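Every number here is computed from the coordinates shown, using simple stated rules; none is lab data. All of these numbers come straight from a predicted model, not from anything done at the bench. FYI the Cβ positions are ideal-geometry reconstructions off the backbone, even for glycines, and counts take in every protein chain you see.
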Amino acid sequence: MAESDWDTVTVLRKKGPSGAQSKSKQAINSAQRRGEDVETTKKWAAGQNKQQLVTKNTAKLDRETEELHHDRVSLEVGKVIQKGRQDKGLTQKDLATKINEKPQVISDYECGKAIPSNQVMGKIERAIGLKLRGKEIGQPLEPKPKKK
């Protein structure tokens, strides 16, 4: 008889809510109705793309009036390039091909739109034989003695 006192008991449990369900408003409300402990925390600036707080320097930056821009080639240099190129009988395309640059580069330098590059300026100087940098702009370029 001692053996018949024990009956097999099966306990079925429901699984708790998974990831997205546990965060929904409905899942929170039903858990509160059942009397379960629910912990909610509000994330600061959640869902917003804020990287920093607005600082007191923002107004200072807004009042800043200085415009920052790159220096461009002077028109004087552009005229010298154009004159030297025409004296040699070269088109912009011919000069560009000679110094391995695009024709647009030569056009920008002649119009004064280009941001000066010493490398390109040096190539143009050697191609047209005129100085483009320093105090003697437009003067003939003295050929450097060739190294032996």
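Here the convex hull built on the C-alpha positions of the range 84-143 has a volume of 84 cubic angstrom per residue.
The label-point distance for GLU39 and LYS79, in a model that sets each label 7 Å from Cα toward Cβ, rounds to 7.8 nm. Beyond 24 Å in Cα-Cα separation lie the following of the pairs LYS93/LYS135; LYS79/LYS113; LYS60/LYS113; LYS88/LYS131: LYS93/LYS135; LYS60/LYS113.
Grab the other residues whose beta carbon is less than 13 angstrom from that of GLN119, score K and R as +1, D and E as -1, and report the net. Let's see the in-between values first.
Details: positive: LYS123, ARG126, ARG133; negative: GLU101, GLU125.
Net charge in that neighbourhood comes out at +1.
Peptides 132-142, 84-94, 105-115, 29-39 ranked from most to least packed, by the mean per-residue count of other Cβ atoms within 10 Å: 105-115, 84-94, 132-142, 29-39.
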